[in-house]
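Written below as structure tokens is the structure these notes are about.
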Amino acid sequence: MINKSLKFRKEAQPSDLEAVRKIAESTGFFYPDEVDVAVELVEERLQKGDASDYYFVFAEIENKVVAYTCFGPIPVTKGSFDLYWIITHNDFRGLGIGKKLLTETYIDAKKLGARAIYAETSGREKYEPTRQFYLKTNYTVDAVQKDFYDVGDDKYVFKYALTGEN
């Protein structure tokens, strides 16, 4: 049922501001200031368009946004892109939407000149499922920065090569 009703949209809409907030809050993973940053990236995209260098893929079921990615080029690099956000509403996790979102994101990122995508996440125990998701979707651990976010909260940087085989 999900496969038939799942649709992807690339252009941000004003209604995405609230949708992104609700999706991020539903997970229980993010601090309020992190949720605010997620919304701010949508705002910037709405205001500046492509000049923002923030690109989105929104996953919708029955016209409701249930997940999204935000990605874009890393300044002063040639073909390195950040995957700033990939979030699925808690009610829709575990259905394969995230993997499908990544596939759509890779298509768009390649068109924009990406050769590799980098994603970072916390080393806290709470984020173990997130780290496993990246590993299961063929990312490799590129770096671990000890005590980055806080004492005892390392930063994991994952890499997905868009050129060659993964």
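Data for the structure
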{"item": "Tally, over the stretch 128-162, of residues that are free of Cβ contacts under 8 Å to residues at least 12 places away in the same chain and farther than 22 Å from Thr27 by Cβ", "result": "3"}
{"item": "Test result for Gly79, surrounded by 12 or more Cβ atoms within 10 Å (Cβ to Cβ), of a type in the set (Gly, Ala, Ser) and under 19 Å from Phe30 (Cα atoms)", "result": "no"}
{"item": "Of all residues making up the stretch 94-122, the number that are free of Cβ contacts under 8 Å to residues at least 24 places away in the same chain and either within 16 Å of Tyr84 (Cβ to Cβ) or among the polar types (S, T, N, Q) (or both)", "result": "1"}
{"item": "Residue check, Glu125 touching a residue at least 12 places away in the same chain (Cβ under 8 Å) and either surrounded by fewer than 19 Cβ atoms within 10 Å (Cβ to Cβ) or in contact with a Pro (Cβ under 7 Å, 6 or more places away or on another chain) (or both)", "result": "no"}
{"item": "Enumeration of residues in the stretch 84-119 that are assigned to a strand (DSSP E or B) and buried (at least 21 other Cβ atoms within 10 Å of the Cβ)", "result": "Trp85, Ile86, Ile87, Thr88, Ile117, Ala119"}
{"item": "Single residue of the stretch 78-117 satisfying the filter (within 15 Å of Leu6 (Cβ to Cβ) and basic (Lys, Arg)) that is modelled with the lowest pLDDT", "result": "Arg93"}
{"item": "Tally, over the stretch 128-147, of residues that are surrounded by 16 or more Cβ atoms within 10 Å (Cβ to Cβ) and either more than 21 Å from Tyr106 (Cβ to Cβ) or of a type in the set (Gly, Ala, Ser) (or both)", "result": "0"}
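Conditions (1) at pLDDT 95 or above; (2) of a type in the set (A, V, I, L, M, F, W, C), marked per residue:
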residue	(1), (2)
Arg9	yes, no
Ile23	yes, yes
Ser26	yes, no
Tyr31	no, no
Ala38	yes, yes
Gln47	yes, no
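Rundown of residues vs (1) over 20 Å from Thr130 (Cα atoms); (2) touching a residue at least 12 places away in the same chain (Cβ under 8 Å); (3) assigned to a loop (DSSP other than H, G, I, E, B); (4) among the charged types (D, E, K, R), yes/no style:
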{"position": "Lys7", "(1), (2), (3), (4)": "yes, yes, no, yes"}
{"position": "Ala19", "(1), (2), (3), (4)": "yes, yes, no, no"}
{"position": "Phe30", "(1), (2), (3), (4)": "no, no, yes, no"}
{"position": "Asp33", "(1), (2), (3), (4)": "no, no, no, yes"}
{"position": "Arg45", "(1), (2), (3), (4)": "yes, yes, no, yes"}
{"position": "Gly49", "(1), (2), (3), (4)": "yes, no, no, no"}
{"position": "Ala59", "(1), (2), (3), (4)": "no, yes, no, no"}
{"position": "Thr69", "(1), (2), (3), (4)": "no, yes, no, no"}
{"position": "Val76", "(1), (2), (3), (4)": "yes, no, yes, no"}
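The values are calculated or read from the model by the stated rules, or taken from the named source; none is laboratory data. Computed from a prediction, not measured in an experiment: that's the story for all the values here. Cβ sites come from the backbone with ideal geometry, for glycine too, and all protein chains shown count toward neighbours.
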